[in-house]
Amino acid sequence: MLTRASTATWALLAPGLGLLLAFVVAPVFLTAWISLNEWSMYTPLSGMTFVGLENFASLFGDRVFNAALRNTLAYAGLCLVLILPLSFLLGQFLYRGLTRGRAALRSVLFVPYMIPTIAVAIIWGYLYSPLYGPLNQVLGAFGVPRQAWLGSVDTALPSLVIFNVWQTLGYYTVLVIAGLTQIPDVYYEAAVIDGANALQRTHHGTLPL
């Protein structure tokens, strides 16, 4: 039986839950159901024909899709491998190693994440320009041939990884700093008394906590 308090709670939660169901949960289930049917978006939903997993079999048998999937996984993996250690090292440096200008440097690192993606894309598109981009001009000063960057299959993926790392590194660094602030100093003091060096304190204290 619902009490007055529980009724009021559900009444307050109803608008948010309704929006969540209407715009998140329902579309997810609808998309999953459509994926199991043969259907065109130009026809009504009533015209769908159930085909089971045939769409997925056709998809994973497509050469272009498999290439795109491999590139996506490689992109995500490279970003992860670079962002995690760099954000941890920067977070440690800003939280423990830097005494002055800590807040200013933290803000500078976080600014790229706050800039609209379209503006960042325009700026980096100019930097990566094969004709007049500053990156190629710098390489030319050292006698290195011009690079196509985004226009070459050899450099497009690394170029996108560098762009993403630059834009999101500050965000994850701030998350690391927020995590470091939650670790009591008493653990580090006890580790120092026990003779643990900086690497041991990081490995056995900071990372697990």
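The values are calculated or read from the model by the stated rules, or taken from the named source; none is laboratory data. What you see is a predicted model, and the numbers here were worked out from it, not measured in a lab. Neighbour counts are summed over all protein chains in view; Cβ atoms, including those assigned to glycine, are modelled from backbone coordinates with ideal geometry.
Computed values, structure above
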read-out	value
Residue match in segment 47-64 (condition: of a type in the set (D, E), touching a helix residue (DSSP H, G or I) at 6+ places or on another chain (Cβ under 8 Å) and surrounded by 12 or more Cβ atoms within 10 Å (Cβ to Cβ))	no
Candidate set: segment 99-128, residues that are closer than 23 Å to L150 by Cβ, of a type in the set (S, T, Y) and at pLDDT below 90; chosen: the one surrounded by the most Cβ atoms within 10 Å (Cβ to Cβ)	Y113
Selection from segment 65-93 of residues that are more than 27 Å from Y171 (Cβ to Cβ) and touching a helix residue (DSSP H, G or I) at 6+ places or on another chain (Cβ under 8 Å)	F65, N66
Qualifying positions in segment 30-42 - part of a helix (DSSP H, G or I) and loosely packed, with under 11 Cβ neighbours inside 10 Å	T31, A32
Segment 19-62, residues that are modelled with pLDDT under 95 and under 30 Å from L157 (Cβ atoms)	T31, S35, N55, F56, A57, S58, L59, F60, G61, D62
Residue among T117, T72 that alone is farther than 30 Å from L180 by Cα, among the hydroxyl-bearing types (S, T, Y) and assigned by TED's automatic domain parsing to the domain that holds V144	T72
Any chance R96 is at pLDDT below 95, more than 30 Å from P158 (Cα to Cα), among the charged types (D, E, K, R) and out of contact with any helix residue (DSSP H, G or I) (no Cβ under 9 Å at 6 or more places or on another chain)	no
Where G205 falls short, out of the listed (1) in contact with a Phe, Trp or Tyr (Cβ under 7 Å, 6 or more places away or on another chain); (2) not in a helix (DSSP H, G or I)	(2)
Meets criteria (modelled with pLDDT under 95 and within 20 Å of L59 (Cα to Cα)) for W10	no
Which listed residue, of L160, L175, is surrounded by fewer than 16 Cβ atoms within 10 Å (Cβ to Cβ), in contact (Cβ under 8 Å) with a residue 40 or more places away in the chain and either under 20 Å from the mean Cα position of the chain (by Cα) or at negative phi (or both)	L175
Exclusive hit being over 26 Å from A74 (Cα atoms) and in the same structural domain as I83 (by TED's automatic domain parsing), set L199, L160	L199
Breaking point among (1) farther than 30 Å from H203 by Cβ; (2) of a type outside the set (K, R); (3) in contact with a Phe, Trp or Tyr (Cβ under 9 Å, 6 or more places away or on another chain); (4) part of a helix (DSSP H, G or I), for Y171	(1)
Residue within segment 74-91 that is touching a Lys or Arg at 6+ places or on another chain (Cβ under 8 Å) and either surrounded by 13 or more Cβ atoms within 10 Å (Cβ to Cβ) or not charged (D, E, K, R) (or both) present	no
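Residues checked against (1) assigned to a helix (DSSP H, G or I); (2) surrounded by 12 or more Cβ atoms within 10 Å (Cβ to Cβ); (3) free of Cβ contacts under 8 Å to residues at least 40 places away in the same chain; (4) of a type in the set (D, E, K, R):
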position	(1), (2), (3), (4)
P130	no, yes, yes, no
L135	yes, yes, yes, no
N164	yes, yes, no, no
I183	no, yes, yes, no
V186	yes, no, yes, no
A191	yes, yes, yes, no
